[in-house]
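K.L.:
I have a structure here, written as structure tokens, and I will follow up with some questions on it.
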Amino acid sequence: MATVLVHISLLAYTAGAAAFLTWLVRADQRWVRAGRLLLLAGIVLHAGAFLAPADTNVATIGLGAGNWKGGQLFSLLAAITVAGYLILDWKYDLPVAGAFVAPFTVAVMVPAHLVASTARAIPPKLYHSVALSVHVGAAAIGTGMLALAFGLALLYLASERQVKTKRPGRLFARLPSLDLIDKAGYRLAVWGFVFLSLTIATGSLVSHESTGTALPFAPKQGFAILAWALFASLIQARLVAGWRGRRVAMLVITGFVLLAGVYVGLLTAAPALHGTVALGALR
């Protein structure tokens, strides 16, 4: 049942992406309404998949710590990104961001199915680990928020470019003000940094529970720590030096690219490797 719900939600996300992309070409608000409804339907079905009993003999989806594999983390990341966008859109009216979020969600959901077939389950000793559940949840929430901040940063740069060229195109008419994009993107980056900090902290606890040692250093962990340091610098620069606009957008983009290296490491990890979930990637 859980797998069926995930498949249907993926179809809803795909249809929502098509609706928002069509709206970019044809400025008809009916496409926006359709895209929002499809994403909402998708997130409801997706949430049902997490709550439904895990399927037997297939990749599990359930929320129990013993079920977490690489694919489930990607699936949770997709769901949180969509939910975050719907809240952001409700508050700021940002349909243009849907044209980024919906395709991103589909791109994340595809490896959610592919990775699950090769990733090994976590050690049994971690099945009831509170630290693991918090770690995985914080990783997905933080990455989802930073993904939204990344999308807004791209929108900011695109909008700024059109302002400077003094040749506003069709996309410009659909963009909100630069100030709104900057504020919303920064707030998302701050909350993403908070959850990324929690991810790193709980990752160390999970590693200690599993191996009895502190968090080991590996390329995936290195990317996460570099991203954390960059977002910390971004917040410091904003509060102390008053950085805004383009410089903040560039830092957000760079930080998210570094964080994406963690998930690339998850996708390319050999199936023979196993151990704990560390900084959002199965080891």
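K.L.:
Roughly how far apart, in whole Å, are the Cα centres of region 21-52 and region 243-264?
P.N.:
Spelled out, the Cα-based centre of one part sits 27 Å from the other.
K.L.:
By average Cβ neighbour count within 10 Å, what is the ranking of 26-35, 152-161 from highest down?
P.N.:
On the way: 26-35: 14.7, 152-161: 20.5.
Averaged packing, sorted descending, gives the order 152-161, 26-35.
K.L.:
While we're here: Could you compute the net charge surrounding ASP182? Neighbours are other residues with a C-beta less than 12 Å from the C-beta of ASP182; K and R count +1, D and E count -1. Don't jump to the answer; show the numbers that get you there.
P.N.:
Details: positive: LYS183, ARG187, ARG238, ARG244, ARG246, ARG247; negative: GLU160, ASP179.
For residues surrounding ASP182, the net value is +4.
K.L.:
Please turn the phi angles of region 231-238 into ³J(HN,Hα) values with the Karplus equation 6.51 cos²θ - 1.76 cosθ + 1.60 (θ = phi - 60°), one per residue in order, whole Hz, x for glycine and proline.
P.N.:
5, 5, 5, 4, 5, 4, 5, 5
K.L.:
Under 5 Å between amide hydrogens, which residues at least 5 positions from ARG244 or on another chain qualify, with H placed 1.01 Å from N in the peptide plane?
P.N.:
Those qualifying (amide H under 5 Å, at least 5 residues apart or on another chain) number zero.
FYI, it's all coordinate maths here, none of it is from the lab. These figures come from a predicted structure and were not determined experimentally. Please note: Cβ atoms are built from the backbone with ideal geometry, for glycine as well, and neighbour counts cover all protein chains shown.
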